Structure formats: C-alpha cells, structure tokens
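As structure tokens, the structure follows; a few thoughts come after it.
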Amino acid sequence: MPKVKTHSRAKKTFKVTGTGKIRRYKAFKSHLLTKKSKTRKRHLRQAAFVHTANMNLVKRMLGLRG
C-alpha cells in the first residue's frame with residue numbers, strides 16, 4: 001500500500017491538542033470587517049474545536065487514521 005499523504009492546507013490550518021482534540025480557527029475574519037461589530041470580530045479571534053461530525057474527515061486529511 002502507498003503511504004497516506006497529508007493534505008498540505010490541513011497541516012497548516014489544524015493543530016492537534018494533547019488530549020486529541022483538533023483546534024481550528026474561525027472563518028469570516030479576513031475582509032469586509034467594517035460592517036461587522038467589535039464583539040463579533042473579537043469572538044472570531046478565539047480558536048474553536050472541530051465538531052465531532054467532521055472529526056474523521058479532518059483526521060484523514062492530517063494522516064492520523066490509516
């Protein structure tokens with residue numbers, strides 16, 4: 001069997017924590033920021049965790065599942 005390649009964007013985007021959760025950053029923070037409130041932009045700065053429904057997909061992109 002060939003080696004499983006890591007998805008290039010995924011390895012730069014997601015980080016695996018010590019407990020095995022996968023950390024992600026929130027979308028909609030790159031442009032058109034004048035119409036968004038300060039509160040909304042502040043909350044977008046905070047990292048979040050990948051939802052359990054998407055966990056298998058992200059793990060496969062990171063090469064964590066064989």
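Quick note: the coordinates plus some simple rules give every number you see, no bench work behind them. It should be emphasised that the depicted structure is a prediction, and the values quoted were computed from it without experimental measurement. Neighbour counts run over all protein chains shown; Cβ positions are idealised from the backbone, glycine included.
For the residues 6, 13, 19, the requirement of being surrounded by 11 or more Cβ atoms within 10 Å (Cβ to Cβ), β-branched (Val, Ile, Thr) and more than 15 Å from residue 56 (Cα to Cα) singles out 13.
Which of the residues that make up the range 12-66 are of a type in the set (Lys, Arg), part of a loop (DSSP other than H, G, I, E, B) and farther than 29 Å from residue 1 by Cα? Matches in the range 12-66: 26, 29, 35, 36.
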